[in-house]
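Presented below is the structure to which this report refers.
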Amino acid sequence: MIIYGVSLLAFCMLVGIFIGDLLGTLMGVQANVGGIGIAMLLLIYLSNLSNKKLQLGSITESGIHFWSAMYIPIVVAMAAKQNVIGALSGGWMALLAGVAAVVASFLLIPVIAHFTPRAERGNSDVN
């Protein structure tokens with residue numbers, strides 16, 4: 001049922017916000033540090049764990065996958081909006097850091113592809 005997807009999403013969100021607030025307190029800042037990202041990673045882990053360890057019905061699995069698929073793009077879009085606003089108001093250093101992160105991500109694609117089995121890569125010529 002779709003309600004299980006909502007409950008899993010709510011659980012991950014509450015745990016992520018709690019851990020993010022705890023990290024913020026430990027770092028001495030009055031902010032949630034990475035809580036949404038932690039919730040997203042926990043949701044990915046638990047939704048994939050349900051296929052392997054738990055015996056759920058197909059309707060329940062479809063509800064969990066639906067909310068997993070809805071949550072991640074929304075969070076990424078919200079974070080991207082905040083990052084762009086922060087970068088534009090933060091000056092040249094913030095823009096330079098953003099460009100450096102994108103370039104570093106592109107440079108890591110061949111490294112990550114190296115760990116993917118050749119059968120999963122398809123017809124690419126990546127070595």
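Would it be correct to say that M93 is surrounded by fewer than 11 Cβ atoms within 10 Å (Cβ to Cβ), out of contact with any Pro (no Cβ under 6 Å at 6 or more places or on another chain) and either part of a helix (DSSP H, G or I) or modelled with pLDDT of 80 or more (or both)?
yes
Looking at V15, V75, V103, V29, which is the one that is of a type in the set (A, V, I, L, M), surrounded by 13 or more Cβ atoms within 10 Å (Cβ to Cβ) and at pLDDT 75 or above?
None of the others qualify; the one that does is V15.
Condition check ((1) under 18 Å from P73 (Cα atoms); (2) more than 19 Å from the chain's Cα centre (by Cα)) across all residues:
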| position | (1), (2) |
| --- | --- |
| A10 | yes, no |
| G20 | no, no |
| M27 | no, yes |
| G35 | yes, no |
| A39 | yes, no |
| Y45 | yes, no |
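Of all residues in the range 25-41, count the ones that are at positive phi and without any contact (Cβ under 8 Å) to a residue 12 or more places away in the chain.
1
How many of the residues making up the range 34-56 are modelled with pLDDT under 80 and in a loop (DSSP other than H, G, I, E, B)?
The number of residues fulfilling the criteria is 4.
Kindly evaluate S62 against the criterion of being under 14 Å from G5 (Cβ atoms), at pLDDT below 70 and either within 18 Å of the chain's Cα centre (by Cα) or surrounded by 10 or more Cβ atoms within 10 Å (Cβ to Cβ) (or both).
For S62, the condition - under 14 Å from G5 (Cβ atoms), at pLDDT below 70 and either within 18 Å of the chain's Cα centre (by Cα) or surrounded by 10 or more Cβ atoms within 10 Å (Cβ to Cβ) (or both) - is not met.
The values are calculated or read from the model by the stated rules, or taken from the named source; none is laboratory data. For clarity, every value in this text was computed on a predicted model and none was experimentally measured. Ideal geometry is used to build each Cβ from the backbone, glycine not excepted, and the neighbour counts take in all protein chains shown.
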